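A.B. asks: Before anything else, here's the structure in question.
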Amino acid sequence: MNSRRQQILFSVIDEHIENSIPVGSNLIYEKYDISASPATIRMEMAWLTKNGYLAQLYTSGGRIPTTKAYKMFVDSIDREKEHKIKLPQVFNEFMSFPRECLKYIAEYSSSLVINFIDDNLLNAGLDVLLGEPEFYNNLEILQNLVNKLENIYDYTDKIIDSVSDNGTVVYIDKENPLLLEKCSMIISSYNISSKKQGIIALLGPTRMRYDRNIALINELVKILSCNNEPR
């Protein structure tokens, strides 16, 4: 893919993440700094649609990013130059105030946050997640989401198996361990002791702010692992 097509694609992704509605070529031309005419942008968006990066729900409507597009977008994130996240002081006492900390993470990330330690599970942010238009505008997706969360312990092994020794992992759309449509999951682990790990995960809409949320999880893992190091 050439640089102009990538710039247009990432502009569509940014706009869709922000507003959750299909994006048209005129908006991209007016709002984003792309050196191309509206006609050229339309032509490039048609190419992106034909090649599976954008989807058009209606013939005369705008376009939305596909899973293929989000994968490319996530792969492009420079994790060495990620967002600088500074969490409140209370996170240094995470084990004493887990619910307060998880609620903060949920609101910051617009996601449901899940924390596993052994057979214990804490989560926060269901109200935040259900406030996203993907869910309150689609009864079938909403029912599936609520059903999976009510039976979250049935998916514990899948979530644990999804953790990588190489750091934070992103599962986009139905690739997430809960197999939920319109959702993505960011998962990482942190050390509790030399023989024990905790797992932290964000479950949010597919159009989540990946760069910010990856940085958020990485900062949280860093704090939790440091706090649990032997003194």
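Values quoted throughout were computed directly from the atomic coordinates according to the rules given, and no laboratory measurement underlies them. These numbers were taken from a predicted model, which means no experiment stands behind them. Please note: Cβ atoms are built from the backbone with ideal geometry, for glycine as well, and neighbour counts cover all protein chains shown.
A.B. asks: Along segment 17-30, what does the Karplus equation 6.51 cos²θ - 1.76 cosθ + 1.60 (θ = phi - 60°) give for ³J(HN,Hα), rounded to whole Hz, x for Gly and Pro?
C.D. replies: 4, 6, 10, 6, 10, x, 10, x, 5, 5, 5, 4, 5, 6
A.B. asks: In the structure displayed, which of LYS86/LYS222; LYS158/LYS222; LYS84/LYS222; LYS196/LYS222; LYS71/LYS174; LYS103/LYS158 lie more than 18 Å apart, Cα to Cα? The partial results should precede the final answer.
C.D. replies: On the way: LYS86/LYS222 11 Å; LYS158/LYS222 24 Å; LYS84/LYS222 13 Å; LYS196/LYS222 16 Å; LYS71/LYS174 12 Å; LYS103/LYS158 24 Å.
The pairs that break the limit, which is 18 Å between Cα atoms, are LYS158/LYS222; LYS103/LYS158.
A.B. asks: Rank LEU142, ILE199, MET1 by how far each Cα sits towards the positive end of the charge dipole of the chain (+1 on Lys, Arg Cβ; -1 on Asp, Glu Cβ) and give me just the farthest.
C.D. replies: With unit charges placed on the Cβ atoms, the residue in question is MET1.
A.B. asks: For the chain, what does the helix formula give at 222 nm: sum of -39500 (n - 2.57) over DSSP H segments with n ≥ 4, over the residue count, nearest 500 deg cm²/dmol?
C.D. replies: Working: 10 runs with 103 residues, N = 231.
Mean residue ellipticity, 222 nm, calculated: -13000 deg cm²/dmol.
A.B. asks: Starting from the 7 Å offset along Cα-to-Cβ, what nm value, one decimal, do you get for the label separation of SER3 and LYS222?
C.D. replies: 3.0 nm
A.B. asks: Where the Cα atoms of the chain are projected onto their three principal axes, how long is each span, largest first, in whole Å?
C.D. replies: Per principal axis, max minus min of the Cα coordinates gives 62, 38, 27 Å.
A.B. asks: What residues qualify as long-range amide H neighbours of LYS182, i.e. H under 5 Å apart, gap of 5 or more or another chain, H built at 1.01 Å from N?
C.D. replies: LYS174
A.B. asks: Here is a further query. Could you calculate the contour length gain from SER96 to ILE117, that is, 0.36 nm times the residue separation minus the distance between their Cα atoms, to one decimal place in nm?
C.D. replies: Values: separation 21, 0.36 × 21 = 7.56 nm, distance 1.40 nm.
Net length gain for the segment: 6.2 nm.
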